[in-house]
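The structure appears below as structure tokens.
What follows draws every value from the coordinates through simple rules; no lab data is involved. None of the values given here were measured: they were computed from a predicted structure. Cβ coordinates were reconstructed from backbone atoms using ideal geometry, including for glycine residues, and neighbour counts include every protein chain displayed.
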Amino acid sequence: TMGLLAGTLRKAALDDRVKGLVMHIGSCPLTPAQIDELGRSVAAFGEHKPTVAYAETFGELSSGMFAYRLATSAREIWLQPSGAVVLGGVHLEIALLRGGLEKLGIDPDFEQRYEYKTAGDQLAATEVTPANREMMQRIADSLVDETVRIVADRRGLTGDEVRAVVDGGQLSAAEAKARRLVDHVGYRDEVYAAVRAQWGADATLQYASRYAGTLAVRV
């Protein structure tokens, strides 16, 4: 859970035997709230020790916005040479269950109090209403705006520079480095070699889940 991982990182930050954190960013199937919760824990760890994030890609066929947003909580970001950075687009779904309920012989009946009170739409509506669509668009826009602000702040960029990436489509790894979205371009073995060169040749890599509860820490 996020709470366990946050506790593990707090513990590791105070453990002299822990030299730093390497974070592999995959498809990142987390909600924005979970991403920010984990990002805060990584950033807090980074106040004490080095933090590195690496990824094969930050979106190609889909947006890598939230995966990249998490990566920016680390001090350094590595990207595989064949990878890309795609920050545009937020996909939100609206599930309408009316058709399935009708097949079961259920006829939902909700009183519509206000135009933007759309909680009942999932069960009663047969199509997305303009009000519901407008609200979802506003949510999507706010997520993009918030990501632009976070990325700009963490990467030392202007909001306009980040917005240009959001609006501009796919960037190659080299282009992402040139725009200061990533710090290094390299494969996983190069990431490990780099951290061992900085943290000690005898440094061993251990999953956070295996570390949790196994090492004592002085407080």
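Can you give me the distance in nm between label points at ARG10 and TYR192, each placed 7 Å from the Cα along the Cα-to-Cβ direction?
Calculated label separation equals 3.2 nm.
Under unit Cβ charges (Lys, Arg +1; Asp, Glu -1), what dipole magnitude, rounded to 20 debye, does the stretch 1-89 have relative to its Cα centre? Show your work: numbers first, answer last.
Details: 8 positive and 8 negative charges, 53 e Å.
My answer is approximately 260 debye.
Once label points are set 7 Å from the Cα along Cα→Cβ at both ARG138 and HIS48, what is their separation, rounded to one decimal in nm?
The modelled label-to-label distance comes out at 4.2 nm.
Taking the Cα centre of each part, how many Å lie between the stretch 148-202 and the stretch 3-43?
Centre-to-centre (Cα) distance: 18 Å.
Quick one: plug the Kirkwood hydrodynamic radius of the stretch 1-65 (C-alpha pairs) into Stokes-Einstein at 25 °C, 0.890 mPa s, and report D in µm²/s. Before the final figure, lay out the partial values.
Working: Rh = 12.8 Å.
The diffusion coefficient I find is 192 µm²/s.
How would the stretch 142-200 be classified by its alpha-carbon gyration tensor: rounded, prolate or oblate, with rounded meaning a/c under 1.5 and the a/b versus b/c comparison settling the rest?
Values: a/c = 2.96, a/b = 1.99, b/c = 1.49.
Prolate, since a/c reaches 1.5 and a/b exceeds b/c.
Once label points are set 7 Å from the Cα along Cα→Cβ at both HIS184 and ARG149, what is their separation, rounded to one decimal in nm?
3.2
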